[in-house]
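What follows is one structure encoded as structure tokens, with my remarks underneath.
The values are calculated or read from the model by the stated rules, or taken from the named source; none is laboratory data. Not measured: the values here are computed from a predicted model. Here Cβ is always computed from backbone atoms with ideal geometry, including for glycine, and neighbour counts include all displayed protein chains. SASA here: full protein model, heavy atoms, side chains in, ligands and nucleic acids out. Shrake-Rupley method; radii C 1.70, N 1.55, O 1.52, S 1.80 Å.
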Amino acid sequence: MAKIGYARVSSKEQNLDRQLQALQGVSKVFSDKLSGQSVERPQLQAMLNYIREGDIVVVTELDRLGRNNKELTELMNQIQFKGATLEVLNLPSMNGIEDENLRRLINNLVIELYKYQAESERKRIKERQAQGIEIAKSKGKFKGRQHKFKENDPRLKHAFDLFLNGSTDKEVEEQTGINRRTFRRYRTRYNVTVDQRKNKEKRDS
């Protein structure tokens with residue numbers, strides 16, 4: 001049995017130190033600097049492939065593993081399928097319960113309650129945001145969502161060049177740090193398509 005840590009922050013600019021400090025007692029740590037909105041994170045997948053029966057996957061908070069109820073449930077099922085269990089450091093400890101099956105059952109119930117609470121809070125935040133937007137619109141103050149990148153942004157232009165030269169969205173994400181979903185939205189917005197890439201390949205050949 002081994003304790004395997006997983007840490008995540010949403011961007012390359014953010015720092016993993018706090019989580020890594022909390023995970024010092026584990027035997028191995030996997031970490032990603034990518035949004036939790038997608039389960040297609042290289043180190044998350046590496047961790048899921050690495051764990052074995054009897055291992056304990058340790059995260060500092062449940063949202064480090066995933067951001068929504070559906071994806072969290074899928075990830076927890078994958079962990080349990082491998083015969084491993086999940087430990088979330090900011091949830092109540094089950095160390096005083098000697099029966100392993102009872103400890104696992106209570107731990108899963110606590111996580112389910114936490115997931116429900118987190119999902120409900122996200123819905124309340126979205127409702128408050130929507131209400132705030134409606135109020136701003138009625139006062140003529142709403143400017144809409146600001147785009148993260150402008151068309152002439154050097155980082156975005158580099159990402160477009162990589163794509164047009166044959167890189168996949170995933171490879172672009174790995175090389176530029178731009179989330180692949182965000183990149184696809186910008187490709188659609190500025191009409192950078194697979195057909196353009198094929199035409200470029202024909203011209204270059």
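Flag not set for Gly5, criterion: at pLDDT below 85, open to solvent by less than 20 Å² (accessible area, probe 1.4 Å) and of a type in the set (Gly, Ala, Ser). Total residues in segment 15-61 satisfying the condition of being in a loop (DSSP other than H, G, I, E, B), open to solvent by 40 Å² or more (accessible area, probe 1.4 Å) and of a type in the set (S, T, N, Q): the figure is 4.
In summary, Val192 fulfils each of the numbered conditions (1) open to solvent by 40 Å² or more (accessible area, probe 1.4 Å); (2) outside any helix (DSSP H, G or I); (3) among the β-branched types (Val, Ile, Thr) with the single exception of condition (1).
If the condition is being at pLDDT 75 or above and under 16 Å from Lys157 (Cβ atoms), then segment 194-205 contributes Gln196, Arg197.
Screening Lys170, Lys115, Lys126, Lys157 for residues that are modelled with pLDDT of 80 or more, within 30 Å of Asn77 (Cβ to Cβ) and either touching a strand residue (DSSP E or B) at 6+ places or on another chain (Cβ under 9 Å) or not in a loop (DSSP other than H, G, I, E, B) (or both) leaves exactly one candidate, Lys170.
Count of segment 175-189 residues, restricted to those that are in contact with a Lys or Arg (Cβ under 9 Å, 6 or more places away or on another chain) and part of a helix (DSSP H, G or I), is 4. It is to be established whether one or more residues within segment 64-82 are in contact with a Gly (Cβ under 7 Å, 6 or more places away or on another chain), in contact (Cβ under 8 Å) with a residue 12 or more places away in the chain and assigned to a strand (DSSP E or B). The answer is no; no qualifying residue exists.
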